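One structure is given here, and the rest of the page talks about it.
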Amino acid sequence: MKFINILFLVIFCTTSVFADKNMKIGSMGKENEVSRVIKVIMYDNYYEPSSFKINAGETIKFEIENVGNLVHEFNIANKMMHIKHQPEMEKMVENEILLASSIDKEKMKKMSKIDKAMGHSHSNSVLLEPKQKGKIIWKFENAVNIEIACNVPGHYQAGMIAKVDIN
Ligand SMILES: [Cu+2]
C-alpha cells in the first residue's frame, strides 16, 4: 500500500514538473484579477471570434455559449496537449458519455470513479451541450503555440481551432 502511494507521488510529481517545463500554458485565474471579459460563441464547428490577442500576464474571463447543434469544447492548451486529449474524448464517445448533442452526466460521474479522464474536469477546458453557457478564468503567460480548440472527435480535424497570440 505504502509503495503504491509513493509510486503515485513520484508519477504525480514527475508529470507536474513536466507540465511546468514543457507545457507552459498559463494557469487558472482568479475572479478579482480579471482584466478583460471576452464573449465567445461556439458554432458547428468554429469559434467566434476565431482568434485572440492577449498580453502576457493578463487574466481573461471567457464567457462561452454554445449555439450549435453539437456538443463543443473550449479548451486552452497547446497542440501537443490537444492531440493527447483527443483519445480521452474518443473514449468518452465509446463509453456513450459524450453523445453528438448531449453529455450523459450520470454516466460521466460513474465512469470518472474508475477512470479520472472520463470526468473531463480540467480548469483549462469546458465542455458544453447545445444552448449551454460556461466560463473559464485563465491567466496567460508568455507561452507559444497556444490554441483554443475543440477535441470532440472530428472537430479539431474540421478546424475548430482558434489561434491565441500572446505578446
Ligand atoms: Cu466541437
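Only helices at least 24 Å long along their axis, Cα-based, and averaging -0.5 or more on Kyte-Doolittle count here, so list those DSSP H runs from the chain. Please report the intermediate quantities before stating the final value.
Values: long enough: 2-22 (30 Å, 1.17).
In the chain, the long hydrophobic H runs are 2-22.
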Given H placed on each backbone N at 1.01 Å, which residues far from residue 40 in sequence or on other chains put an amide H within less than 5 Å of it? 63, 64, 65
Proxy exposure order for 133, 107 (fewest C-beta within 10 Å first) is 133, 107
Of 109/131; 109/163; 30/105, those spanning more than 24 Å from alpha-carbon to alpha-carbon: 109/163; 30/105
What does the charge count near residue 106 come to, summing +1 for each Lys or Arg and -1 for each Asp or Glu among other residues with Cβ under 13 Å from its Cβ? +3
Prolate/oblate/rounded call for region 32-88, Cα gyration tensor, a/c under 1.5 rounded: oblate
Net charge near residue 70 (other residues with Cβ under 13 Å of its Cβ; Lys, Arg +1; Asp, Glu -1) is -2
Please give me the summed charge of the neighbours of residue 30: other residues whose Cβ is under 15 Å from its Cβ, Lys and Arg +1, Asp and Glu -1. 0
Radius of gyration, Dmax [region 48-164; alpha carbons; angstrom]: 14.0, 40
When the Cα centres of region 75-151 and region 21-67 are compared, how far apart do they sit, in Å? 15
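Every number here is computed from the coordinates shown, using simple stated rules; none is lab data. Every value quoted in this text rests on a predicted model; they were computed, and no experiment measured them. Here the Cβ is made from the backbone with ideal geometry for all residues, glycine too, and neighbour counts use every protein chain on show.
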